[in-house]
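S.K.: I'd like to ask some things about the structure below.
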Amino acid sequence: MEQKTARLTVLIDPAKKKAFEALCAKQDVTPSQVVRRLIREYLSAHGESFVPSGAEKATGADAQRS
């Protein structure tokens with residue numbers, strides 16, 4: 001999971017929010033987990049690459065060990 005976070009504010013219809021939160025609870029996931037997954041899938045589907053925050057440090061540490 002990403003180590004650093006940034007806030008994304010989304011305005012949606014209150015009824016959709018309630019239904020979304022209820023479905024997330026039923027599936028034992030948080031709304032944030034679902035939104036993060038949707039964003040990753042959307043970026044991937046459109047050919048956008050990204051490096052998750054925190055991955056730069058892991059890559060650097062791995063490179064130093066070699």
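S.K.: Test residue 4 against the stated conditions and say whether it is at pLDDT 95 or above, loosely packed, with under 10 Cβ neighbours inside 10 Å and not hydroxyl-bearing (Ser, Thr, Tyr).
M.R.: Working: at pLDDT 95 or above: no; loosely packed, with under 10 Cβ neighbours inside 10 Å: yes; not hydroxyl-bearing (Ser, Thr, Tyr): yes.
Against the criterion (at pLDDT 95 or above, loosely packed, with under 10 Cβ neighbours inside 10 Å and not hydroxyl-bearing (Ser, Thr, Tyr)), residue 4 does not qualify.
S.K.: For a quick check of your reading of the model, give me the residue pairs whose first member lies in region 3-30 and is in contact (Cβ under 8 Å) with a residue 12 or more places away in the chain, whose second is of a type in the set (D, E, K, R), with beta-carbon atoms closer than 9 Å and at least 6 apart or on different chains.
M.R.: Cβ pairs passing all conditions: 3/57.
S.K.: Against the definition (modelled with pLDDT of 95 or more, within 20 Å of residue 11 (Cβ to Cβ), surrounded by fewer than 12 Cβ atoms within 10 Å (Cβ to Cβ) and of a type in the set (A, V, I, L, M)), how does residue 23 come out, yes or no? Don't jump to the end; show me each part of the working.
M.R.: Working: modelled with pLDDT of 95 or more: yes; within 20 Å of residue 11 (Cβ to Cβ): yes; surrounded by fewer than 12 Cβ atoms within 10 Å (Cβ to Cβ): no; of a type in the set (A, V, I, L, M): yes.
So residue 23 fails the test.
The values are calculated or read from the model by the stated rules, or taken from the named source; none is laboratory data. What you see is a predicted model, and the numbers here were worked out from it, not measured in a lab. So basically every Cβ, Gly included, is an ideal-geometry build from the backbone, and we count neighbours across all protein chains shown.
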